[in-house]
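What follows is calculated from the coordinates using simple rules that are stated; it is not laboratory data. Computed from a predicted structure; not experimentally measured. Here the Cβ positions follow ideal geometry from the backbone for every residue, glycine too, while neighbour counts run over all protein chains shown.
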Amino acid sequence: MDVQLKLQAREISKAYDNNQVLRRVNFAVHDGEFFSILGSSGCGKTTLLQILIGLLDADDGQIFKDGIDITTFEPARRGMGIVFQNYALFDNMNVFRNVSYALQFHGVETDSATRKANQMLEIVGLKNFASKMPAELSGGQQQRVAIARALALEPDIILFDEPLSALDASTRLDIRRELKNIQRTLGTTMIYVTHDQEEAFALSDRVMILERGIVNQIGSPEEIITAPANDYVQTFVIDNLRTKFDSLRKFLT
Amino acid sequence: MKKFFPVAAILIFVAGVFAPLSSLFMRITPESFAQVMSSPQFSNALWNSISTGLIATIIALTLALTAAWSLERTAIRGKNFFTVIFGVPMLIPSISHSFGLVALFGANGWLTNLFALDVNIYGAIGIVAGSVMYAFPVAFFIFMSVLHCEDGAPYLAAKVLGVPRSRQFLDLTLPYLKRTIISTFFAIFSMIVTDYGVPLMIGGKTLTLSVLMYNKAVAMMDYSTGSVLGMILIVPALIAFLADVLNPAPKQNDFAKNIRLAEKKSGADKIILAFCVILSLLIVAPIATFCVMTFAAKYPFDMSFTLYHVMRTIHRGALDNWLNSLIIALVSSIVGTSFSFALAYFSTRANGLAAKIIHLLSILPMTIPGIALGLGYVIFFHDASIYGTLMILAAVNVMHFFSSPYLMMRNTLEKISANVEAVGKVLGVPRRFIIRDVILPKVRFTLCEMFAYFFVNAMMTISAVSYLAPPAPKPLALMITQFEAQRLMESAAAVSILILLTNLALKIFMTRLQKKLIAR
């Protein structure tokens, strides 16, 4: 099958003062792929995400989308959306306005904006919550609003910065399923940052393992499990997953 | 635009703070410095300022901490009532506090006559008492807010471990408050020492540095000596500022929500309630005396009702000056609130050196006493077209009171995730719309507080404006010193009440507005 490159990061480096956060990071994401960046706290994954969407400038390196160099593009011109861990909803606006708000700045007529916002709310299962304020929603529902807001502008890539970290286990499972459904329905490429091995492996087509700003391995979950690239991948990913699995097996067998 | 904003802000600080202060310092010559230092008047005033300042600070802090602890940690009734009463002294000029004391305990004071008291309120005792009344509410609200934010979890743990309540206070509450007590001590000391309103009215022969500076610079136009004294009066505020900067508040854990302590009834509640009632009476008594004095034919000898004093006060220009004060207060509030919001937004959202410089500049006015800033304005702007207008009074108020509202807004903005702007950037929403549609609605409550802060302070200040105000038009608060000098005490009382009522009306309006905003 012919895979089309959607996004490519070439030799991305970034330092804060004397602290080198990213060291010549290279990777490519395929069109329609669910791609996770997995790493422990402080490994540089959020910095990388912010560089991809243009909220931060890299010290070195380039970013290509559909073959075009977008390194110097403003965030809004990159055709990407973002969902943060803390939702970052506009909490003085109701759910509907949160989703439709940005459309007015892109020349979308009011009728079309209304249709689009309703459509997105339907996709995330919040059609009946349109008039609610964010404070009236659960954490999971707030995160769904953030996803609908990101989807409303029809970006072809959505970036997720640890979007489920603040949610309880059962809501996490629900939203995981929904994210996969959205990806299948809309064909949106998704880049997902997480420190949770299980989450990355359950959701992703491919996973990139980052350690202190260096890419350790990129591959499908199966490839990583069967052939870990080094000791770090073995310990951080496979041993951790095995520990979780072993502790669960006691109750399941 | 990104570069223009910090440059413009820095220029405003240069024109509004640094240039006037520099002109003040440039007036100081080695000779004038040596002359001031060697004068017996100076050493006497220095000793009086330090001794009365220290005693008043210790009393004000003790009362404020006890009152705040009483309202935050016990189950006594009437907490809202006491909070309002304890805050009332913040709505009148400092000079009115000592004025109230004179009306009660002075040579012809009501209590002096009633109980045939043999007290001499004029002097150090009066300065201490007036300064305590003036500074108490400021310290009270600082302690209230810090105690309100304290995590209850350690107290629950201590209770489970069987630690007695008195030891909880000594081993948990006091160490938690240590930083606040230190920084509030310096702030209150500086506030008392640089104020001239209280000692001018009630100091008698006890001369303080601030009154000496006022006499030299305002009455005798001796700017050289005034400048030396102004520089010396900056020292306590500078120490307060350094105490705060060198002793930063520890970062709170933002992942854990604080547990609120349950208020529990205890046997000591009656004693605490009695303390709050007595304190309220002490606060209300001087203010109540203004009212009586304003409407009594000849206080305290003939207490029959009359509007004569009110009419005389109006005839002497009180209403015109009240309008002047309203204009000054409104302009100061609108300009000050907008400017401090803009700078707080910039310093919390921008990175790098420019943001740090703006932050430093914004908190620096805290270190400059109003009387020093006012004299600096007189020297620097003397030939400018703005001199002698109401606008220069509004300008000096904005700069003088800038730091506190700036910090209020900065504190609020720090709680709003910067991801909101990041989302706006990604969604292609221009920043000005994110500010208008998302940030401003979120900070409206704080904007109201900032507006009220500028308004109330501009309405009642007599420090910086006393040097700058032309004979006419002048702000209302300065009429108190004028009437006091003319021994028209009833008119001075009427002016104090007018200021109190105006500030009270603004506070009530703002509280209602804030309640509506919360309800929304």
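Return the average number of partner chain Cβ atoms within 10 angstrom of each residue Cβ along peptide B:424-434.
Neighbouring Cβ atoms belonging to other protein chains average 6 per residue here.
Can you tell me the 0 to 90 degree angle between the C-alpha axis of helix A:110-123 and the longest principal axis of chain A, rounded to 10?
Value to nearest ten degrees: 40.
Quick one: dipole size for segment A:20-143, taken about the Cα centre, charges +1 on Lys/Arg Cβ and -1 on Asp/Glu Cβ, in debye to the nearest 20.
Approximately 240 debye in magnitude.
Skipping prolines and chain starts, which residues have an amide H placed within reach, meaning under 5 Å, of the one on A:Asp60, given they are 5 or more residues away or on another chain?
HN-HN under 5 Å from A:Asp60: A:Ser13.
Going by alpha carbons, how many degrees (0 to 90, nearest 10) lie between the helix axis of A:169-186 and the longest principal axis of chain A?
The answer is roughly 80 degrees.
Take every residue in peptide A:145-152, count the Cβ atoms of other chains within 10 Å of its Cβ, and give the average of those counts.
Partner Cβ neighbours, averaged per residue: 1.
Where the only charges are on Cβ atoms (+1 Lys, Arg; -1 Asp, Glu), what is the dipole of chain B about its Cα centre, to the nearest 20 debye?
1780 debye
Find which of A:Pro75, A:Thr46, B:Ser38 sits farthest along the positive direction of the dipole of the protein assembly as shown, computed with +1 on the beta-carbon of Lys and Arg, -1 on that of Asp and Glu, about the Cα centre.
B:Ser38
Could you give the angle, 0 to 90 degrees to the nearest 10, between helix A:240-252's Cα long axis and the longest principal axis of the Cα atoms of chain A?
Helix A:240-252 sits roughly 80 degrees off the main axis of chain A.
Quote the charge dipole size of the protein assembly as shown about the Cα centre in Debye, to the nearest 20; the model charges only the Cβ of Lys and Arg (+1) and of Asp and Glu (-1).
Value, rounded to 20: 1500 debye.
Percent of Cα-Cα pairs more than 21 Å apart in segment B:270-410, please.
The proportion of pairs with Cα distances above 21 Å equals 65 percent.
Under the rule of at least 5 residues apart or a separate chain, name every residue whose amide H is placed under 5 Å from the amide H of A:Tyr192.
It is A:Phe35, A:Ser36, A:Ile37, A:Phe160, by chain and number.
Could you give the DSSP H helices of chain B that reach 20 angstrom or more along their long axis (alpha carbon positions) and whose average Kyte-Doolittle hydropathy is no lower than -0.5?
Helices meeting the criterion: B:40-73, B:124-148, B:174-194, B:223-246, B:269-295, B:318-349, B:440-460, B:489-519.
Could you give the alpha-carbon Rg of segment A:144-187 over 2.2 N^0.38 Å, rounded to two decimals?
With N residues counted in segment A:144-187, Rg over 2.2 N^0.38 Å equals 1.15.
Please list the three semi-axes, largest first and in whole Å, of the ellipsoid equivalent to chain A, using sqrt of 5 times the eigenvalues of its alpha carbon gyration tensor.
Over the Cα atoms of chain A, the semi-axes work out to 30, 24, 16 Å.
Cα atoms only: what Rg and Dmax, in Å, come out for the protein assembly as shown?
Over the protein assembly as shown's Cα set, Rg and Dmax evaluate to 32.0, 106 Å.
Take A:Ile123, B:Ile127, B:Ile368, B:Ile328 and order them by how many other Cβ atoms sit within 10 Å, fewest up front.
So the residues, fewest neighbours to most, are A:Ile123, B:Ile368, B:Ile328, B:Ile127.
Considering just Cα atoms, how many Å³ per residue does the convex hull of segment B:1-159 enclose?
With only Cα atoms used, segment B:1-159 gives 252 Å³ per residue.
Please name whichever of B:Leu91, B:Phe5, B:Gly376 sits farthest to the positive end of the charge dipole of chain B, dipole taken about the Cα centre and charges placed at Cβ: Lys and Arg +1, Asp and Glu -1.
In chain B, that residue is B:Phe5.
Roughly how crowded by other chains is peptide A:90-102, in terms of the mean Cβ count from those chains within 10 Å of each of its Cβ atoms?
For this peptide, the per-residue mean of nearby foreign Cβ atoms is 3.
Can you put A:Glu154, A:Glu222, A:Glu178, B:Glu490 in order of Cβ neighbours within 10 angstrom, beginning with the fewest?
Starting with the residue having the fewest Cβ neighbours, the order is A:Glu222, A:Glu154, A:Glu178, B:Glu490.
Trypsin sites (Lys or Arg not before Pro), restricted to segment B:11-88: which are DSSP loop and have at most 11 other Cβ atoms within 10 Å?
Those satisfying the criteria are B:Arg77.
In what order do B:Ser466, B:Ser266, A:Ser170 fall by count of nearby beta-carbon atoms within 10 Å, going from fewest to most?
A:Ser170, B:Ser266, B:Ser466
Please sort B:93-103, B:3-13 by packing, taking for each peptide the average over its residues of neighbouring beta carbons within 10 angstrom, highest first.
The densest-packed peptide leads the list: B:93-103, B:3-13.
Are there any GluC sites (Glu not before Pro) in segment A:91-174 that are in a DSSP loop and have at most 15 other Cβ atoms within 10 Å? List them by number.
A:Glu109
Along the charge dipole of segment B:428-514, pointing to its positive end and built from +1/-1 on Cβ of Lys, Arg, Asp and Glu, which listed residue (B:Ala492, B:Pro473, B:Pro441) has its Cα farthest out?
Among B:Ala492, B:Pro473, B:Pro441, the one farthest towards the positive end of the dipole of segment B:428-514 is B:Pro441.
Please list log₁₀ I(q)/I(0) at q = 0.11, 0.12 Å⁻¹ for chain B, using the Debye equation with identical point scatterers on the alpha-carbon positions.
Taken in order of the listed q values, log10 I(q)/I(0) reads -1.04, -1.23.
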